[in-house]
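Asker: I am attaching a structure below and will ask some questions about it afterwards.
Computed from the coordinates by the stated procedures, all read-outs in this text should not be read as laboratory data. Because the structure is predicted, anything quoted here is derived from the model rather than measured. Note that we place each Cβ from the backbone using ideal geometry, even for glycine, and neighbour counts take in every protein chain shown.
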Amino acid sequence: MERRTPDAAVADAINRVLAAESEAAAEIAAAGREAEAIIEAARERRRQILETARRRASRLHARAQERLDRALAELDGLEPRQEADLETLRTLSRTAVENLAHRLTSDDHEPR
């Protein structure tokens, strides 16, 4: 059986510790690179989602603006209503006030 000197045993132990430390450092560096790649992929996916959302919002806005423009054009194209004469307005107002007074003073609170 071969006997090693204490200095050789210590040197061998130190070499094993240094090798393990070097291996751990390499694994840590690899994990760091992998994490960076994952983060960059997530950033790219976020950019894609934001761009898609912007395009969709722009299309929705454009369609809503078109509908609004059409609705306004239709309203602009309508014939102006005949102005109600003063007597018609007085009659409508009087009827509305009478109905309101009746509802406020009656027990059943049902419209006439």
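Asker: Give the share of C-alpha pairs in each 10 angstrom bin for the chain, from 0 to the last occupied bin, in whole percents, shortest bins first.
Answerer: Calculated P(r), rounded to whole percents: 10, 11, 10, 11, 11, 9, 8, 7, 6, 6, 5, 4, 1.
Asker: Also: Apply the a/c threshold of 1.5 to the C-alpha gyration tensor of region 1-61 and tell me whether it is rounded, prolate or oblate.
Answerer: Numbers: a/c = 15.09, a/b = 9.46, b/c = 1.60.
It is prolate, given that a/c is not under 1.5 and a/b is the larger ratio.
Asker: Select from 96, 73, 25 the residue whose mean-square fluctuation is largest in a Gaussian network model of the chain (Cα-Cα springs shorter than 10 Å).
Answerer: Looking only at 96, 73, 25, the largest GNM fluctuation is found for 96.
Asker: What nm distance separates the two modelled labels at residue 42 and residue 94, each placed 7 Å from Cα along Cα→Cβ?
Answerer: 7.7
Asker: What 222 nm value per residue comes from the helices of the chain, counting each DSSP H run with n ≥ 4 as -39,500 (n - 2.57) and dividing by all residues, nearest 500 deg cm²/dmol? Kindly include the intermediate steps, with their values, before the conclusion.
Answerer: Details: 2 runs with 92 residues, N = 112.
Only helices count here, giving -30500 deg cm²/dmol.
Asker: Grab the Cα-Cα distance for residue 9 and residue 106, subtract it from 0.36 nm times how many residues apart they are, and report the gain in nm with one decimal. Write out the running numbers ahead of the final one.
Answerer: Numbers: separation 97, 0.36 × 97 = 34.92 nm, distance 11.05 nm.
That works out to 23.9 nm of additional length.
Asker: To test your reading of the geometry: what angle, between 0 and 90 degrees and rounded to tens, separates the Cα axis of helix 86-105 from the longest principal axis of the chain?
Answerer: Taking the Cα atoms of the chain, the angle to 86-105 is about 70 degrees.
Asker: Put a dot 7 Å past each Cα toward the Cβ at residue 17 and residue 75; how far apart are the dots in nm?
Answerer: Result for the modelled spin labels: 8.4 nm.
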